[in-house]
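In what follows, a single structure is set out as structure tokens and then discussed.
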Amino acid sequence: AARWFRLGAEQGHAHAQLCLARCHASGTGVTRDDSEAARWWRLAAEQGVAEAQMLLGQLLLVGEPVMGRELPAAPGAAAQFLAQTAQQTEDEESRLMALALLNAHAHEPDVVTACCIGCG
């Protein structure tokens, strides 16, 4: 399945990108590679896929060791993806999770700035 997801993902299909990211995150059909998972989640998230926005937002919020390297936390970017999730998803559980993560990090200036973009 990962092979087919890759074909679609490389052609820009957002849901194929999400599925390929899941494959890389779990090592299903490919070598486990969190860096590749993050890359595909970002591409899907930028196309508005709420699940990808949530997963990438969580990853960027706290920073994660990725394949032996540190992935630096990027709270501003994380907040943008999580705010998009909260606004766009029809899944109430995902919306509440995104809001809870944003609330837990509301004291961080980058999170406040990212969440207030566009506020009147």
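The values are calculated or read from the model by the stated rules, or taken from the named source; none is laboratory data. The model shown is predicted, which means the values in this text are computed figures rather than measured ones. When we count neighbours, we look across all protein chains shown, and the Cβ atoms used for this are built from the backbone with ideal geometry, even at glycine. When the accessible area is computed, the model is the full protein with side chains, heavy atoms only, and any ligands, DNA or RNA have been set aside. Shrake-Rupley method; radii C 1.70, N 1.55, O 1.52, S 1.80 Å.
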statement: In this structure, the FRET efficiency calculated for R3 and T31 from their beta-carbon separation, with R0 = 22 Å, to the nearest 0.05, is 0.95
query: Which peptide among 32-40, 50-58 comes first, and what is the full order, when sorted by highest mean count of other Cβ atoms within 10 Å?
result: 50-58, 32-40
statement: FRET efficiency (E90, E46; Cβ distance; R0 25 Å; to 0.05) is 0.80
- request: Run the 1.4 Å probe and let me know the accessible area of T28, rounded to the nearest 10 Å².
  value: 80 Å²
